[in-house]
Amino acid sequence: MRAAVVTAHGNTDTIQYRDDYPDPEYAANEVLIRVGAASINYHDIFSRRGMPGISISLPLITGSDIAGEIVEVGAEIEGGWQVGDRVLINPIIYRGDKFGMIGETVDGGKAEYVAAGDYQLVGLPDEVTYEEAAALPLAYGTAHRMMTTIGEVKAGETVLVLGASGGVGVACVQLAKLIGATVIACAGSDEKIGRLKELGADHGVNYRASDFMKEVWGITGKPRVSGGGGVDVAINFTGGDTWTPTIRCVAQHGRILTCGATAGYDANTDLRFIWTFEQQIRGSNGWMPEDLAALLALGASGRMKPLISEVVPLEETARAEQMMEDRQIFGKIVVKP
């Protein structure tokens, strides 16, 4: 089969496009899926570069967000799945002694075919395309759980989103507006700010052109211990030197939500603001199957569609990943075999 294969840890030069890669083997409780689309995440880049403390066997086909059509079923398949069913794959593997994620511990979706367990399958409504479905799990699933289950974002609240132009960030903006919140979106260019406002963001801050903390204060007022000023919820999955300024944007009794640290995990925290303003820091890790089901229902109803920056052919996987590393995308980038 055709596949984009990571042959060694390193830059995008380690991605090799092949048309003779072995087809996946699948177990009795698994299915073989013809990939309709797979989207790219920073997790793919981290896996390719190598992650400290995590052993990844090479060669590897990355790609955890996958939608497609079942073409073969194992002899012990459960759930009534049949050849021809359109499905979204929940990439988390958690059966028996197996635990991990498709595209990290086993070959993923940047190929013509992929194997998945029957318990990982989510039926795909006819109204949702393969490209739209493949944009959902890691970015939109993570954002949905972080904002609803963990963050409890409510209508009328003011939400600050750092890194708002990436996959998770765009999802947070869309979901916050769907909930009924006021959104302040931070991104690295005026062009991206303009597009975020088109998505519904009420305010935009170009963090490359100005001090985002002071810009947020200008919008909401500086947080005061006596009450007033600041945002109710700040979403920061960048970390690094954005962490402390983010905390200083948060109102009394406000919440800081995090699901990652793309700019560095060893961030400084000024604890005075945490206790003085009685803030809460809430971590959120991934998604649950019900998050994916909720997102597919939103897509099928037309209430929300994932924002796709570009759809590229499989043989251009290296270029697509480089675009993500260079922050040249807005929303999700999808690979189509």
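The values are calculated or read from the model by the stated rules, or taken from the named source; none is laboratory data. Owing to the predicted nature of the structure, the values given are computational and were not obtained by experimental measurement. As a convention, Cβ positions derive from the backbone with ideal geometry for all residues, glycine included, and neighbour counts pool all protein chains shown. SASA here: full protein model, heavy atoms, side chains in, ligands and nucleic acids out. Shrake-Rupley method; radii C 1.70, N 1.55, O 1.52, S 1.80 Å.
Points worth noting:
- Residue among V73, Y94, Y130 farthest towards the positive dipole end of the range 38-147, charges placed on Cβ: Y94
- Highest-fluctuation residue, W287, W275, W81 considered, GNM on the chain with Cα pairs under 10 Å: W275
- Over the chain, volume per residue of the alpha carbon convex hull, in Å³: 128 Å³
- Gyration tensor verdict on the range 138-196 (Cα atoms; rounded if a/c is under 1.5, prolate if a/b is larger than b/c, oblate otherwise): oblate
- Global form of the range 187-295, assessed from the alpha-carbon gyration tensor, a/c cut-off 1.5: rounded
- Among G151, P289, P306 the positive-end extreme of the charge dipole of the chain (Cβ point charges): G151
- Converting phi to 3J(HN,Hα) with the Karplus coefficients 6.51, -1.76 and 1.60 and the offset θ = phi - 60°, the range 108-116 yields x, x, 7, 6, 6, 9, 8, 9, 8 Hz in sequence order, with x at every glycine or proline.
- When only the Cβ of Lys, Arg, Asp and Glu is charged (+1, +1, -1, -1), the dipole of the range 148-272 relative to its Cα centre reaches about 200 debye.
- Tensor-based shape of the range 130-240 (alpha-carbon gyration tensor, a/c under 1.5 rounded, otherwise prolate or oblate): oblate
- Note, ³J(HN,Hα) from phi for the range 34-51, Karplus 6.51, -1.76, 1.60, rounded to Hz, x at Gly and Pro: 7, 6, x, 6, 9, 9, 9, 10, 4, 4, 4, 5, 4, 5, 5, 5, x, 10
- Cut-off under 5 Å, modelled amide H: who pairs with Q252 long-range: R224, G228
- Rounded to the nearest 500, the helix-only mean residue ellipticity at 222 nm of the chain stands at -6500 deg cm²/dmol, with each DSSP H run of n ≥ 4 adding -39,500 (n - 2.57).
- Separation of the A28 and E315 label points, Cα + 7 Å toward Cβ, nm: 4.2 nm
- Degrees, to the nearest 10: 190-199 long Cα axis against longest axis of the chain: 80 degrees
- Potential lengthening between F99 and S210 on full extension [0.36 nm per residue; Cα-Cα distance subtracted]: 35.6 nm
- For the chain, size of Cβ-based charge dipole, Lys and Arg +1, Asp and Glu -1, in debye: 1460 debye
- Here the 3J(HN,Hα) profile of the range 321-331, calculated from phi with Karplus coefficients 6.51, -1.76 and 1.60 at θ = phi - 60°, is 5, 5, 4, 5, 4, 8, 6, 9, 10, 9, x Hz, Gly and Pro shown as x.
- T7 versus Q280: modelled label distance in nm, points set 7 Å from Cα along the beta carbon direction: 5.1 nm
- Charge dipole of the range 146-258 about the Cα centre (unit charges at C-beta), most positive-ward option of T244, T182, L162: T244
- Assigned charges on the beta-carbon of Lys, Arg, Asp, Glu; the range 280-320 dipole about Cα centre (debye): 220 debye
- Only lysine pairs 8 or more places apart, or on different chains, with alpha-carbon atoms under 12 angstrom apart are counted in the chain, and they number 5.
- Residues with amide H under 5 Å from that of I235, placed H, sequence gap 5 or more: L160, V161, L162, L257
- DSSP bridge pairs, the chain: antiparallel proportion in percent, nearest 5: 55 percent
- Surface composition of the chain: carbon and sulfur make up 48 percent of the accessible area, probe 1.4 Å.
- Among P22, P223, P91, residue whose mean-square fluctuation peaks in a GNM of the chain (springs only between Cα atoms under 10 Å): P22
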